[in-house]
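Everything below concerns the one structure shown next.
The values are calculated or read from the model by the stated rules, or taken from the named source; none is laboratory data. As the structure is a computational prediction, the values presented were derived from the model and not from experiment. Neighbour counts are summed over all protein chains in view; Cβ atoms, including those assigned to glycine, are modelled from backbone coordinates with ideal geometry.
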């Protein structure tokens with residue numbers, strides 16, 4: 001059953017595709033977003049639609065951190081960074 005953690009679910013999870021390391025990177029991006037703003041990227045409305053199609057508002061943080069979060073939240077899992085480049 002897919003009902004927990006929907007605010008942190010990657011687009012591929014909403015499409016019921018196989019989870020990969022890139023799925024974890026998306027979740028990391030959601031968590032990083034929540035840590036700096038106090039809320040996940042999407043908190044209301046049709047979460048599926050929003051995770052699949054919308055870009056979150058850029059958080060009020062340094063440009064470098066904005067870029068990192070944005071890269072992690074890319075809709076295409078193949079376009080997300082690998083963990084080694086984040087660390």
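Do any helices (runs of 4 or more DSSP H) lying entirely in the chain carry at least 2 residues that are at pLDDT 95 or above and either within 12 Å of the chain's Cα centre (by Cα) or surrounded by 14 or more Cβ atoms within 10 Å (Cβ to Cβ) (or both), and which ones are they?
Values: elements: 11-14, 21-37, 47-53, 63-72, 83-86.
Correct list: 11-14, 21-37, 47-53, 63-72.
Pull out all pairs, ordered by first then second residue, where Cβ-Cβ is under 8 Å, the residues are six or more apart or on different chains, the first lies in the range 4-29 and is farther than 18 Å from residue 69 by Cα, and the second is in a loop (DSSP other than H, G, I, E, B).
Listed by first residue and then by second, the contacts come to 13/2; 13/19; 16/2; 19/10.
State which residue pairs qualify: first residue within 12 Å of residue 41 (Cβ to Cβ) and inside the range 54-66, second residue in a loop (DSSP other than H, G, I, E, B) in any location, beta carbons under 6 Å apart, and separation of 6 or more residues or different chains.
56/41
Among the residues of the range 25-45, how many are over 24 Å from residue 87 (Cα atoms) and touching a helix residue (DSSP H, G or I) at 6+ places or on another chain (Cβ under 9 Å)? Talk me through it step by step, then tell me what you get.
Step one: of the range 25-45, the residues over 24 Å from residue 87 (Cα atoms) are 42-45.
Those left that are additionally touching a helix residue (DSSP H, G or I) at 6+ places or on another chain (Cβ under 9 Å): 42-44.
Here the count works out to 3.
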